[in-house]
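The values are calculated or read from the model by the stated rules, or taken from the named source; none is laboratory data. Since the structure is predicted, the reported quantities are computational estimates derived from the model, not experimental observations. Cβ: placed from backbone, ideal geometry, glycine included. Neighbour counts: every protein chain shown.
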Amino acid sequence: MTAHEEFEIEAKQLLTTGEFTKLCNHFQLKKEDFQSQHNHYFDTGSFQIKERNAVLRIREKSSSCVLTLKIKEQDGSYERHETLRSRELPQSSHSELLTWIIDHWSIESNELIHLGSLETNRASFEYENGTLFFDHSRYLGVDDYELEFEGRSKQHVDTVMNAIKSSFNLSITEEPDPKVKRFFKRKEKL
């Protein structure tokens, strides 16, 4: 399996149910524009990956499974992706990405445990020289709505997201925690 890398620059905005519906109507999104995906999260029992400001997940959608290591950096996220045959973690001997984790962080694949999953229905399209994503996630009894814009620079994504916030008078102003963090905060409350 061959891994590929990218640097992702994005801005996110949590939405109320009403704001999500209003934006979907404005952009003429229909139910069939959304695709379901499941994110399965992995870490060690002592959260050694989280300590490095990173997330390890398998994203399952349609008939594909992609293992991703996402490392948060100042202006975005460095990501390594690897296509898998199933949603199970492979042995490190069969995975460039897991071999990288061993070589750089000394975390063996047998230390990794499945921490939980969340389902997201996602629609996306090109917008303002980037990509706009609409996410409706469900986990642990929560319905979570998020707008995300991915673009070419931090200034670009902030400018576009601020214009959307202003145009639609969106109520939530602070940058949200990543989905996985919201998932685990909810899990701690149960």
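The table below gives the values:
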| quantity | calculated |
| --- | --- |
| Test result for GLU119, closer than 28 Å to ASP33 by Cα, surrounded by fewer than 19 Cβ atoms within 10 Å (Cβ to Cβ) and in contact (Cβ under 8 Å) with a residue 60 or more places away in the chain | yes |
| Residue in region 40-49 that is within 12 Å of the chain's Cα centre (by Cα), surrounded by fewer than 19 Cβ atoms within 10 Å (Cβ to Cβ), assigned to a strand (DSSP E or B) and not polar (S, T, N, Q) present | no |
| Matching residues, region 31-41, being modelled with pLDDT of 95 or more and either touching a helix residue (DSSP H, G or I) at 6+ places or on another chain (Cβ under 8 Å) or aromatic (Phe, Trp, Tyr) (or both) | PHE34 |
| Residues of region 73-111 satisfying the condition of being closer than 17 Å to HIS4 by Cβ, among the aliphatic types (A, V, I, L, M) and outside any helix (DSSP H, G or I) | LEU84 |
| Residue in region 23-31 that is in a strand (DSSP E or B), aliphatic (A, V, I, L, M) and in contact (Cβ under 8 Å) with a residue 24 or more places away in the chain present | no |
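Residues checked against (1) closer than 18 Å to GLU148 by Cα; (2) touching a strand residue (DSSP E or B) at 6+ places or on another chain (Cβ under 7 Å); (3) surrounded by fewer than 18 Cβ atoms within 10 Å (Cβ to Cβ); (4) in contact (Cβ under 8 Å) with a residue 24 or more places away in the chain:
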position: GLU5; (1), (2), (3), (4): no, yes, yes, yes
position: THR17; (1), (2), (3), (4): yes, yes, yes, yes
position: SER36; (1), (2), (3), (4): yes, yes, yes, yes
position: ASN53; (1), (2), (3), (4): no, yes, yes, no
position: LEU67; (1), (2), (3), (4): no, yes, no, yes
position: SER92; (1), (2), (3), (4): no, no, no, no
